[in-house]
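The values are calculated or read from the model by the stated rules, or taken from the named source; none is laboratory data. Computed from a predicted model, the values in this text were never measured in an experiment. Here the Cβ positions follow ideal geometry from the backbone for every residue, glycine too, while neighbour counts run over all protein chains shown.
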Protein chains: 2
Amino acid sequence: MDELLLAGLLGTSASLTLRLGQTIFSSASLLFMSFGVEFYSYTAFCYLVTVMGLVLPWSFTLAMVDAYSLCAKCPLRQPGILWIIIMGDWVLSILALAAACSTAAVIDLLLQNGGSYCPPKFCSRYQFSAAMAFLSWILTAASSLFNLWIIPSL
Amino acid sequence: MDELLLAGLLGTSASLTLRLGQTIFSSASLLFMSFGVEFYSYTAFCYLVTVMGLVLPWSFTLAMVDAYSLCAKCPLRQPGILWIIIMGDWVLSILALAAACSTAAVIDLLLQNGGSYCPPKFCSRYQFSAAMAFLSWILTAASSLFNLWIIPSL
């Protein structure tokens, strides 16, 4: 039972894998959207860049914390910090879903009129960025769900 | 403690209020989007209509169940049915958020070029519809969060 309660806790290898996945996908989404593309002319794309710019440092920091806990064999157990992590994961997963959906909807609209609003080179980059944002959301949501397990033990 | 555990359970007046709010807002969103507006030319708007068409019967049915439980003073306690309700609420709240964000992003894009793609009469209807969808999402998410309380007692 104790094992089950700690399944999603910081400092396990599962948590480290999820955090590394979030870091990779959010940075891929940022890179596809930021370089060589006119993202700032669309509100939804600016929002995606903002949100992924929040997810990236958050996941990276938590991945570092996980790696440290794994090496030092000393899991984090302060309830205050755990609450901040739980809340942050929930808020970021909602924001990431919103950003990914907005981006996907705008890309779909840009592609509608035979792609005249969207040069093929740019459009495929936008699409990759949206796909990476969705993957990043799925992993953030998985982290949030795993976090539910530790609430009863707080 | 038992009171707290049952706070979000079906058959309380709080739950009935949430369900009625979801029904009202999702039907308002559907009405603003469906009548007199060319919603079918935009994928995001079709998606909103589909999702709100799912939220409406779901919330209405659960509001009826709540009202019946309140009158008959006999709350629903079958774990199988409660799991279906918990899962349904989570899935619908994710879908509603995705639909509301996609709609808002598309409206923003339509309004960008001085509103040339979006006659004022239509655009205000789209905006009302998106706002109602957001309100409906907030209430569905509140129901999902309240549902978390009953998981430990299942």
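Structure data summary
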read-out: Test: residue in segment A:117-130 that is within 14 Å of chain B (Cβ to nearest Cβ) and either in contact with a Cys (Cβ under 6 Å, 6 or more places away or on another chain) or of a type in the set (A, V, I, L, M) (or both); value: yes
read-out: Residue within segment B:138-149 that is within 14 Å of chain A (Cβ to nearest Cβ), of a type in the set (S, T, N, Q) and out of contact with any Ser or Thr (no Cβ under 6 Å at 6 or more places or on another chain) present; value: yes
read-out: Test: residue in segment B:64-84 that is aromatic (Phe, Trp, Tyr), over 30 Å from A:Tyr42 (Cα atoms) and surrounded by fewer than 16 Cβ atoms within 10 Å (Cβ to Cβ); value: yes
read-out: Any chance B:Asn113 is closer than 26 Å to A:Leu148 by Cβ, modelled with pLDDT under 90 and within 13 Å of chain A (Cβ to nearest Cβ); value: no
read-out: Check on A:Thr61, within 14 Å of chain B (Cβ to nearest Cβ) and β-branched (Val, Ile, Thr); value: no
read-out: Segment B:116-145: number of residues that are closer than 30 Å to B:Leu10 by Cα and either modelled with pLDDT under 85 or in contact with a strand residue (DSSP E or B) (Cβ under 7 Å, 6 or more places away or on another chain) (or both); value: 0
read-out: Residue tally, condition over 10 Å from the mean Cα position of the chain (by Cα) and more than 10 Å from chain A (Cβ to nearest Cβ), over segment B:91-106; value: 1
read-out: Residues that are among the aliphatic types (A, V, I, L, M) and surrounded by fewer than 18 Cβ atoms within 10 Å (Cβ to Cβ), drawn from segment A:11-23; value: A:Ala14, A:Leu20
read-out: Residue in segment B:58-67 that is aliphatic (A, V, I, L, M) and closer than 17 Å to B:Arg125 by Cα present; value: no
read-out: Filter result (part of a helix (DSSP H, G or I) and touching a Gly at 6+ places or on another chain (Cβ under 6 Å)) within segment A:137-151; value: A:Leu139, A:Phe146, A:Asn147
